[in-house]
Amino acid sequence: MAEISWDLFEQQVEACRLCGLCGHIQHKVPGQGDRKAPLMLIGEGPGQVEDEQGLAFVGPAGQLLTRMLEAIQLPRERVYICNIVKCRPPNNRVPTPEEAEACKIHLRMQTWLVRPKVIVLLGSTAAKAVLDPEIRITRERGRWQERKGTWIMPTYHPSALLRDPAKKVQAWEDMKSLRGKLIELGLYPDLYAPAQDLNLE
Ligand code: SF4
């Protein structure tokens, strides 16, 4: 068996035809960011801008995500960002469970390579694919669970916040919780001094 590496990951994503989504795209969108980041963010799938550029979270939702990270003093280039599916679903529809399942082979390799200590699942599709197919994001968002030494929290997808700004209050609670978890685990020590004031109001 070939040794798992970023080169192998990129080759496998580029060559992948495991589901029908690849038939409609301009570019694969494997994900990008700090490949040694303690924090990994996983969204649903590429949108139009992402498909055009081959980069994850660069459209309006991605710009909001960047601002949300900046609000907890976390530069976006210090995290790793990817999606459940690496090909854009037609008309931005939600990926089917079968498509999400097919693409998990890439997500597993990616997670193995990054080895994040904390994972944030952005939106229902990511939460269902990673945690539980029956999960309800409105009920479970903001709740942490540990799996094999990795802390995982689902929250709203930034595109949901663009559609319904009222959700931003809860999303901000989740971002503060994320910051608290990173501090608790001693991650990003150059950004978060141990005795740093947690009052973000
Ligand atoms: S979405 Fe994933 S599984 Fe489907 S073709 Fe694209 S890379 Fe392969």
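Things worth noting here:
- Qualifying residue in segment 95-106 (condition: surrounded by 21 or more Cβ atoms within 10 Å (Cβ to Cβ) and small (Gly, Ala, Ser)): yes
- Whichever residue in segment 107-131 is under 11 Å from Ile42 (Cβ atoms) and within 16 Å of the ligand (Cβ to nearest atom) and, among such residues, is surrounded by the most Cβ atoms within 10 Å (Cβ to Cβ): Ala126
Every number in this text was worked out from the coordinates using simple rules, so none of it is lab data. The structure displayed is predicted, hence computed values, not measured ones. In this analysis, Cβ positions are derived from the backbone assuming ideal geometry, glycine residues included, and neighbour counts consider all displayed protein chains.
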